[in-house]
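Nothing in this text is a laboratory measurement; each read-out follows from the coordinates by a stated rule. Worth saying up front: this structure is predicted, and the values here are computed from it rather than measured. FYI the Cβ positions are ideal-geometry reconstructions off the backbone, even for glycines, and counts take in every protein chain you see.
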Amino acid sequence: MAVQRKFPFMAGDRSPRAALAGGLRRDSAWSHVPLSIARAFLEMVYPPTCTLCGGALVDPGAIEMCDACIDAVRGKCRHWCRRCGMPMEPMRLGEPTCNRCLKQKLPFAEVVVLGRYEGAMREAVIAGKKFIHEPLMMALGGLLGEQIASRMDSIPEIVTFVPSHWRRRLGRGTVPAATLAKQVGRVLGRPVHAATRCVRGTTKQGKLVADQRAANILNAFALRRRYHPNGHSYLLIDDVMTTGSTMCEVTRVLLAAGATRVCVAATARGVGKN
Ligand SMILES: [Zn+2]
Ligand SMILES: [Zn+2]
């Protein structure tokens, strides 16, 4: 069911439930209580709710989002090009790649996308970037992990993410791509490494036209000091993939440093002017 609506109430907050989902700190007052008991107690005090619409979750699983909201963020498109992540043209359904990317040189091996960057998905991604709504980004990460598990033939060994510049990290208090990567790693049973860093500030890609985006992020990323990706394959995560230039740039950094193969995944694919 495609739900076209605004979400005036975003249920995600930094509640004890969110703290539990993110892992208890060693110095937490709860740290000596077994996780299963702590979880059962918290579910009594804070009944699980959908992180997007705030409605009660009848049958709460690992992903705190109701079925209607999951349908709404995924949208109607179920067929994406495995090479560039764009929606497949109707005449090529059933084929692995689309027509548009045939002549493009793309450094990554495969792309997985959860939904289009529009409607409920756009609202969820924008809200989930805020520190207070981090549980919403965690739910999107869980959904993305499930999508990767069902679509990707060979899951890479290590999950990593597109880094944010320290100024943006400071302003937001969270790194959305890292939150997603942590959940993807949990679903896929893969370690998550902060492999790269952003070495200079960039203009937000969404504010630029396609031609300016590649120049904006050229040489903006580098490997983290003392990090060696030699001989490993990587799954690179970001929240939104529009032209793909950011994903290309970080992929090149990893490949140049010795990664054997890089696949990419994003919760949302910008396919229009977004
Ligand atoms: Zn919901
Ligand atoms: Zn394509």
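Ordered by the count of other Cβ atoms within 10 Å of each Cβ, fewest first, TRP166, TRP80 give TRP166, TRP80. For the range 41-129, applying the loop criterion from DSSP together with a ceiling of 10 other beta carbons within 10 Å to the trypsin sites (Lys or Arg not before Pro) yields LYS76, ARG78, LYS103, LYS105.
Can you give me the orientation-averaged projected area of the convex hull built on the Cα atoms of the range 78-269, in nm²?
Numbers: hull surface 42.0 nm².
Taking a quarter of the hull surface, the average projection is 10.5 nm².
As an exercise, use a Förster radius of 22 Å and the Cβ-Cβ distance of THR260 and LYS105 to find the FRET efficiency, rounded to the nearest 0.05. Efficiency, rounded to the nearest 0.05: 0.75. Residue-wise HN-Hα couplings along the range 103-108, as the Karplus relation 6.51 cos²θ - 1.76 cosθ + 1.60 with θ = phi - 60° gives them from phi, are 9, 7, 9, 10, x, 8 Hz; Gly and Pro carry x. Across the range 187-198, computed HN-Hα scalar couplings (Karplus, 6.51 cos²θ - 1.76 cosθ + 1.60, θ = phi - 60°) run 5, 8, x, 10, x, 10, 10, 7, 8, 10, 9, 9 Hz from first to last residue, x flagging Gly and Pro. On full extension, the segment bounded by ASN219 and GLU118 gains 33.4 nm, given 0.36 nm per residue less the C-alpha separation. Once both labels are positioned 7 Å from their Cα atoms along Cα-to-Cβ, the gap between THR203 and HIS165 label points is 1.2 nm. Taking amide hydrogens as placed 1.01 Å from N in the peptide plane, the amide H of ARG83 sits under 5 Å from those of CYS98, VAL111, each at least 5 positions away in sequence or on another chain.
When the pairs LYS105/LYS129; LYS105/LYS130; LYS103/LYS130; LYS103/LYS129; LYS76/LYS182 are compared against a 29 Å limit on Cα-Cα distance, LYS105/LYS129; LYS105/LYS130; LYS103/LYS130; LYS103/LYS129 fall above it.
Close amide H partners of VAL262, meaning residues 5 or more places away or on another chain with modelled amide H under 5 Å apart, are ALA109, TYR234. Ordered by the count of other Cβ atoms within 10 Å of each Cβ, fewest first, ASP67, ASP238 give ASP67, ASP238. Taking 0.36 nm per residue of sequence separation and removing the Cα-Cα distance, the ASP59/VAL271 pair yields an extension gain of 73.0 nm.
Once you list every other residue whose beta carbon is under 10 Å from the beta carbon of ARG83, what net charge do they have if Lys and Arg are +1 and Asp and Glu are -1?
Details: positive: ARG82, ARG100; negative: GLU110.
Around ARG83, the charge tally is +1.
If you model the range 178-274 as an ellipsoid using its alpha carbon gyration tensor, with each semi-axis the square root of five times an eigenvalue, the axes come out at 23, 17, 11 Å, biggest first. With a simple spin-label model that places each label point 7 Å from the Cα along the Cα-to-Cβ direction, the separation between ALA149 and MET91 comes to 3.8 nm.
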